[in-house]
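Data block below; observations after.
The values are calculated or read from the model by the stated rules, or taken from the named source; none is laboratory data. Just so it is clear, the model here is predicted, and its values are computed rather than measured. Here Cβ is always computed from backbone atoms with ideal geometry, including for glycine, and neighbour counts include all displayed protein chains. With ligands, DNA and RNA removed, areas are computed over all heavy atoms of the protein, side chains included. Shrake-Rupley method; radii C 1.70, N 1.55, O 1.52, S 1.80 Å.
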Amino acid sequence: IFAFIASFVYLLGFFGIDFVQSLILRPSTDLWNSEDEEENEALLRKEDARKIPCGQALDCSVTSAPIISAQKVVDEKPVKLTTEEDEEIIKAIVAGTTPSYSLESKLGDCKRAASIRREALGRITGKSLSGLPLDGFDYESILGQCCEMPIGYVQIPVGIAGPLLLNGKEYSVPMATTEGCLVASTNRGCKAIHLSGGASSVLLKDGMTRAPVVRFGTAKRAVDLKFYLEDPENFETLAVVFNRSSRFARLQGIKCVIAGKNLYLRFTCSTGDAMGMNMVSKGVQNVLDFLQTDFPDMDPAAVNWIEGRGKSVVCEAIIKGDVVRKVLKTSVESLVELNMLKNLTGSAMAGALGGFNAHASNIVSAVYIATGQDPAQNIESSHCITMMEAVNEGNDLHISVTMPSIEVGTVGGGTQLASQSACLNLLGVKGASQESPGANSRRLATIVAGAVLAGELSLMSALAAGQLVKSHMKYNRSSKDVSKTSS
């Protein structure tokens, strides 16, 4: 009898507590469908993470705090509380009777449209989207201007490099990247520049361009149009036609080049604080439509339009010899020699066009994504020649970057989204300049060049000192599986 009672008490203590907890923690039955029993069990298991078996490479000797597995949170299928109406729409999309792109206009709710589209996509593909965030984003802000048919958004960490001392003013430069070492390296370059008195930059040119090619039946007709466009008396009329595209667009000039029966036209205009690619395209189209009256045999070949140029900037700094040795851990002589062998001779041997630099595109891309620029413009914007020279009797280093095609804007496109707008505000270039139209975008271009200068200085120093691999192994490698981290 004593043994029976003792066994009963033991069993009650072992199983009874869990039984009572299950009654208390059990969710209301109206929250779940009968088909979701596996999800219910997974959710209940998550309530007490301490019950994870010790065989899963976890240190179970530490019991003072519960062990939480981030992987379980992401891998579990989130609970979907869809209405009957949503379910019917999802089924219609899966069946192909309702186009996914029409959801925003039909529902009038961008968040709901994204959620329904996302669920339908999961059913069609059979693939999980549990790691892609949906909540916490303003889908109304991208409607009709930034992204079509959204199903969520991608999280990119934003780091800060600086302060960058440029033209006597300090800037904290936001950089959106998933590459370890990039922000840290650029930050080190900023430190070296700051300790040496700062960098200076000059805007050489500010003009977005478009270059369409038009074709004629004969070379003579192509020449006739060339003479017409180059006549100063006609420019004012063409400028009026061009400038109708925007209150900020101002035609600066037209250059013409003949190739047989083809005439290549290069339009250059100022675009205010906008990057201006679309603005220029509209202006060019206005001029071509106007010219069609007097040159009806002209055949515009719009597919051959060449991308624009934007802002041309040169940025320079003199880095003191002591800073090169103590901060950058190398020497002036080593940097000058490496720049000649790698950035100049090496790039020439590789057949580079505009790529006489160490990694300008790395910094440009990170700043562009953080500030809402068009990532496609990274190609021209990353054209850069990095020059290094020993000065002051060989004691100090003169470094410069020349970037002829920085294409940036502070209005339009992704610059008006909340996160990107905050980064522009951090730099003091948010929106359009009220005092001087175009001033904010020009300043942003100089900041990009200054950040590139810092990045070039630091990476070249790491290469010269043999630090590159070591630093990447420290900052760009991790034993964690970050893909399992909960969103």
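Taking the conditions exactly as written (open to solvent by 30 Å² or more (accessible area, probe 1.4 Å) and either over 18 Å from the mean Cα position of the chain (by Cα) or at pLDDT below 95 (or both)), does ILE160 satisfy them or not?
Taking the combined requirement at face value, the residue does not satisfy it.
Would you please name the residue that is modelled with the lowest pLDDT, looking only at residues in the stretch 218-236 that are of a type in the set (Asp, Glu) and open to solvent by less than 70 Å² (accessible area, probe 1.4 Å)? Even if it seems obvious, please write down each step before you answer.
Restricting attention to the stretch 218-236, the residues satisfying the condition of being of a type in the set (Asp, Glu) are 224, 230-231, 233, 236.
From what's left, open to solvent by less than 70 Å² (accessible area, probe 1.4 Å): 224, 231.
Details: ASP224: 95, ASP231: 92.
Ranking the qualifying residues of the stretch 218-236, first place goes to ASP231.
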Legend entry - From ARG221, ARG266, residue being charged (D, E, K, R) and part of a strand (DSSP E or B): ARG266
Inset, instruction - Within the stretch 319-332, count every residue that is more than 14 Å from ALA462 (Cα to Cα), open to solvent by 80 Å² or more (accessible area, probe 1.4 Å) and either in contact (Cβ under 8 Å) with a residue 12 or more places away in the chain or of a type in the set (S, T, N, Q) (or both). - result: 1
Inset, instruction - State the number of residues belonging to the stretch 183-217 that are at pLDDT below 95 and open to solvent by less than 20 Å² (accessible area, probe 1.4 Å). - result: 8
Inset, instruction - Mind listing whichever residues of the stretch 424-439 are open to solvent by less than 20 Å² (accessible area, probe 1.4 Å) and either within 19 Å of SER312 (Cα to Cα) or in a helix (DSSP H, G or I) (or both)? - result: LEU424, LEU427, VAL429, GLY438
Inset, instruction - Could you check how many residues of the stretch 258-277 are basic (Lys, Arg) and out of contact with any Cys (no Cβ under 8 Å at 6 or more places or on another chain)? - result: 1
Legend entry - Failed criterion for GLY122 (all others in (1) open to solvent by 40 Å² or more (accessible area, probe 1.4 Å); (2) in contact with a Leu (Cβ under 7 Å, 6 or more places away or on another chain); (3) free of Cβ contacts under 8 Å to residues at least 12 places away in the same chain hold): (1)
Legend entry - From the options THR268, THR330, THR293, residue that is under 27 Å from the mean Cα position of the chain (by Cα) and not aromatic (Phe, Trp, Tyr): THR268
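Which is touching a residue at least 24 places away in the same chain (Cβ under 8 Å), crowded, with 24+ Cβ neighbours inside 10 Å and farther than 17 Å from THR186 by Cα, of THR402, THR415?
None of the others qualify; the one that does is THR415.
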Inset, instruction - Look at the stretch 237-263 and say how many of its residues are part of a helix (DSSP H, G or I) and either open to solvent by less than 30 Å² (accessible area, probe 1.4 Å) or over 27 Å from SER433 (Cα atoms) (or both). - result: 5
